[in-house]
Structures are given as C-alpha cells and as structure tokens.
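Structure, as structure tokens:
The values are calculated or read from the model by the stated rules, or taken from the named source; none is laboratory data. Predicted model, so just to flag it, every value in this text is computed and none were measured. Backbone-built Cβ (ideal geometry, glycine too); neighbour counts: all protein chains shown. Accessible surface is based on the protein model in full, side chains and every heavy atom, while ligands, DNA and RNA are left aside. Shrake-Rupley method; radii C 1.70, N 1.55, O 1.52, S 1.80 Å.
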Amino acid sequence: MNEENKPVADEEKKSISFVEQFIEEDLAEGKNGGRIQTRFPPEPNGYLHIGHAKAICMDFGAAEKYNGICNLRFDDTNPSKENNEYVDNILNDIKWLGFKWNNIYYASDYFEKLWDFAVWMIKNDHAYVDEQTSEEIAAQKGTPTTPGTASPYRNRPVEESLELFNKMNTPEAVEGSMVLRAKLDMANPNMHFRDPIIYRIIQTPHHRTGTKWHVYPMYDFAHGQSDFFEGVTHSICTLEFVPHRPLYNLFIDYLKEMNGETENINDNRPRQIEFNRLNLTYTVMSKRKLHTLVDEGLVAGWDDPRMPTLCGMRRRGYSPESIRNFIKSIGYTKFDALNDMALLEASVREDLNKKATRVSAVLDPVKLVITNYPDGESEEMEAINNPEDENAGSHKITFSKNLWIERADFMEDAPKKFFRMTPGKEVRLKNAYIVMCTGCTKDADGNITEIQATYDPQSKSGLEGANRKVKGTLHWVSADHCKQAEVREYDRLFNVENPSADERDFRELINPESKKVMTNCYVEDYAANLKPGEYLQFQRIGYFMADPDGDASHPVYNKTVGLKDTWKKMQK
C-alpha cells in the first residue's frame, strides 16, 4: 500500500460512509497496487442538478480524501440528445462546487475500441444482429419469474452478423431496423442478461465525431469498458445500477479474455459501489421532466431559481458550501429516502449567515417623514457588513428626512406586544436614531400613505449614551438615496410533497404561486451596486442575490431563503 493512500485513522472511521469503508478495505488488501481512481460520468444531455452534486461530492471527495485522482468522463453515446452547451455547463457547475478533475475523457474517445470489442463479441458467438422491432424484442424478454423467448435471429451465422453490423454503420442504415444484442441467457432471472441490446443505429451527427459513426453503444456496453480502459478502481453509482453490476463485470471479463488476460482475472477490476439517490420534497429530479419544464416554458429556463439544477440554485443565491454541507449531513446509504427541502434551506441559512453582506431593503414601502430633521440635509451612517465576520468591514448608508420603511412595521392601533412603530412609542432606526411616531396620513379609502415621527439628535448609533433601551429596531432606506428594485420571491415548485410518486401528470402538480414578483421595492444605493454572485442579507427579511436581469440603475433580486423557516408553519 502506498503511504500516501493509507486509510484514515481509527478515530475517524465512525464518521466515514460505507463507500469509503469499501475503499479502505481495498487499500488494506493492497488491491490495484494501492491506487485510488474514481470518475464522474455525466451524460451531456441536460444540466446538472443537486442529485448529481451528491455523486460529484462522493466521486471527487473520495479521491481527494485518499490522495487518489478523479477524472471527468462525458457519457456521450446518444448524439440525438447531447450537445456542447451541456458539456460547457457541466464543466462550469463542477468548478463552481469547488472540485477539480485530473483529466477530461469522453466515451466517444473509445468508439474505435468499443467497435473492435463488439466485433470480437460477434466472432466469438457472444453477440448477434437482431432485425426485430423494439416492441417484438420487449415482448420476448419475459418477466423476472418466466423465461424469455429466443430471437429468431439468435443463431444466425457469425459471418452474417458481421456483415449486417458493418451495414448498420452506414449512412443508409435505417434507425430501428437492426440492433446488435449480446448473446447471454434468455432465462436468467436478472432481466439485464436476457440478450441486452449493445449497439443501435442513430443517424444524428455527434457533437464531437460528426458523421463518422452511425451506430452507438448502449450505456451498459460503454460504461464499464470505459472504466476499464481508464484504470478506474472504484465505479461509484446510484442504487438503480445494482442489477447492472453482474453485466458490468461480465463485459469486463470478456474484455480481459479478448486481451488475453486469462489469469488473475480480478486484477485491476473496477469495483462498482452503489449508494442512494438524492431526492428532495416538492421537486423532481427526472431529467426528462426537467427537460419538459424547460422545453414547454413552464419555468424560465434551466437556471430558473425554482429548479433543482445547480445553475438554478446558483442564480437563486445558494452557495456551493451550503450544498456540500447539506449532502454531507444526509450522508450515503443503501436505502432511498425523500429528504426535506427544509434541511437544505437550513444549510443555506447557516452558511450565508457567515458570509452574506447585510444591506437595507424595503419590499412593501410606506413613507416615513422625520418632521424635525432639517430639510435638504442628509448624513452618512456606518453599517457593519457582517457581524459574524470581523474582517468583512463596513459601508455607508445615507440618512435623510424622508425614508421608506416596511408597511408591516407600522400599526396605528397596535396590540400591547407590538414593538415596532405605533403612535406615541419609540423605536430605533438601525444604524441611525431613535424616533417617536407622532401620527400618520391616510387617503380617502383609509389606506396609510405617510407616517410622521420625530428623532432624538442625541441618540445616534455609536454616540456615548445613545443606546438607551427601546424595544424595537427597524430597517429603512432614504427615499432620496436608494434605487427602486424588482424582487422575486419563490415558493415550492410543486404542490405535493413527492410529485415523482404521484400518478397524475406532473404538470398538473405545479404550484401556480411558486413565483411572486414585487416591482415597487427599494434598496440602499450600496446594495444596488453589488453584482450577481455576491451574497446579501436584506436585514430582518432574508437572504438575496442580485439577478443578471437587473443592473445598478434598476436592480433585480432573487430571494434565496428567509431568515427563519416560516414555510413549515404556513403548512400547519
């Protein structure tokens, strides 16, 4: 065993996952020469979501923990659904999460090798060309308790299958007219062994190889072989691949046989390990359903902040650290579970509390006039950027006679325990002065249009003796030193806890109130100049991030998450 790859200390073992325990067992036994090599193998047919992030954290994290390497390999075997846009965004998302790959590979790098392997399979009577329809093939598969029926083409001569396989790889070949199937066991209780399809015709140009190929390997025929070609030691995947594992190993056995490796057949064999998927309440992870949401305009794109995609979460204001911490907290098991979205949001709050810049914003404004403050004057107040981080510094916020405050912070006839603004009582305006409400103005319908108050010039924050006790502190922005902003608030995308398990069309389950847009909001000038990617806390409201749709003159913000989990209370 290499010294650098030795297992973690005994005291750490109680905190490691079962996947890491398997890796440590292999290291202890000296398998693969003490080498650790993993890979993350996404198909470039969509954008990564938080479920992929769980796999990324394990693939890259395990390699990092045991001083191994993790490569990125694009499973680009279906050109009809894949393109470079998806490749570029996958690269961006992995980097954003904070991981680095050692090498980038593509399954298409191995098309020649896989073709040669398929030819070897045919020549050794392990594969044949089948000209039945997909429906006929499916009908012959049988059930887990009843054996399948052999294809009428199963015993066609090897030379004939070789000739037809070559015809499949021509521009004239018709999609669906022929497939190449492995000749295995039509009575095997594992349905994946019942002569699985290993090549099919696709006439769509490939995003890397163009029109060179007209046949493409199926996942089961490309995945394990690619692992083997690259020297992967641990092939970590999700639980649905458990029944695929024997086929994964069989194809590697055939590869070794083709290469003349008949002795020590288990040497340098990738070990497939399966863990549970990440599922979240009130969302879907199916790539097909996510495509439908985007393609049918049910959301604003792959980076819609309501989507579980990493780019959507990034746009909404989630930090990569919060996602990684959430994944660490739920762990890796052998049992599928539905994780509460509230757990993810709690992780986001915990992380953003440590890094978000505190700014002032008013989302439902009403005018507050400080009647005894000099007309036309203003002054700058010191505002701490983040009380959790002494190195975060501070910025200036301008105070003046005319302010905006939240409408909900005023009541004309308030109950005893209302500690915000009400006539005859004092409150502190954060970073500024103590004020006393003196009254309000209403329109003809009784709606409050303006609140009046007086300020105590000796109560300025930071002055000696200024902090006399008042029970309420309110945020505000100067009406003459702010920007009007658009704020987008988000709710759960679906109305049911587990839309994937609901028998109804998932489109019917979409929450029509999942997005609320407010256009008459105000933020202090300092906040308006902060860019997408900078984490913000609107004081007393929640965490937000500037959206690319806005600019400094008219900013747009996405609400990341509230300061507290009020959603659960609303459901009771």
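Among the residues of region 140-156, those identified as surrounded by fewer than 16 Cβ atoms within 10 Å (Cβ to Cβ) and in contact with a strand residue (DSSP E or B) (Cβ under 9 Å, 6 or more places away or on another chain) are 152, 154, 155, 156. When region 372-399 is limited to residues that are of a type in the set (Ser, Thr, Tyr) and either over 43 Å from the mean Cα position of the chain (by Cα) or assigned to a loop (DSSP other than H, G, I, E, B) (or both), the one that is nearest to residue 352 (Cα to Cα) turns out to be 378.
As for region 63-73, it holds at least one residue that is open to solvent by less than 10 Å² (accessible area, probe 1.4 Å) and part of a helix (DSSP H, G or I). Scanning region 285-318 for residues that are hydrophobic (A, V, I, L, M, F, W, C), part of a loop (DSSP other than H, G, I, E, B) and in contact with a strand residue (DSSP E or B) (Cβ under 7 Å, 6 or more places away or on another chain) yields a count of 3. On the phi < 0 side of the Ramachandran plot and touching a residue at least 40 places away in the same chain (Cβ under 8 Å): does that describe residue 32? So residue 32 fails the test. Among the numbered conditions (1) assigned to a loop (DSSP other than H, G, I, E, B); (2) touching a helix residue (DSSP H, G or I) at 6+ places or on another chain (Cβ under 9 Å), the only one that residue 152 does not meet is (2). Taking region 391-413 as the range and being more than 17 Å from residue 462 (Cα to Cα) and open to solvent by 20 Å² or more (accessible area, probe 1.4 Å) as the test, the residues that pass are 391, 392, 401, 402, 404, 406, 407, 408, 411, 412, 413.
When the criteria are applied in full, residue 388 meets the requirement of being free of Cβ contacts under 8 Å to residues at least 60 places away in the same chain, farther than 18 Å from residue 461 by Cα and in contact with a helix residue (DSSP H, G or I) (Cβ under 6 Å, 6 or more places away or on another chain). Of all residues assigned to region 289-309, at least one qualifies as being in contact with an Asp or Glu (Cβ under 7 Å, 6 or more places away or on another chain) and either closer than 17 Å to residue 544 by Cα or crowded, with 22+ Cβ neighbours inside 10 Å (or both).
If you go through region 87-119 and keep only what is out of contact with any Cys (no Cβ under 7 Å at 6 or more places or on another chain), open to solvent by less than 60 Å² (accessible area, probe 1.4 Å), of a type outside the set (A, V, I, L, M) and in a helix (DSSP H, G or I), you end up with 96, 108, 110, 111, 115, 117.
Among the residues of region 547-556, the one identified as assigned to a loop (DSSP other than H, G, I, E, B) and among the aliphatic types (A, V, I, L, M) is 552. Kindly provide the set of residues from region 319-347 that are part of a loop (DSSP other than H, G, I, E, B) and of a type in the set (Ser, Thr, Tyr), ordered by number. Selection gives 319, 332, 333.
Condition test on residue 195, is it under 30 Å from residue 275 (Cα atoms), open to solvent by less than 10 Å² (accessible area, probe 1.4 Å), among the acidic types (Asp, Glu) and over 29 Å from the mean Cα position of the chain (by Cα)? The answer is yes for residue 195. Strands (runs of 3 or more DSSP E) fully within region 443-546 that include at least 3 residues being open to solvent by 40 Å² or more (accessible area, probe 1.4 Å): 448-455, 482-490, 515-524.
If you go through region 206-218 and keep only what is out of contact with any Phe, Trp or Tyr (no Cβ under 8 Å at 6 or more places or on another chain) and surrounded by 14 or more Cβ atoms within 10 Å (Cβ to Cβ), you end up with 207, 214.
Here is the figure for region 348-371: residues that are assigned to a loop (DSSP other than H, G, I, E, B), closer than 15 Å to residue 430 by Cβ and either of a type in the set (Val, Ile, Thr) or at pLDDT below 95 (or both) total 0.
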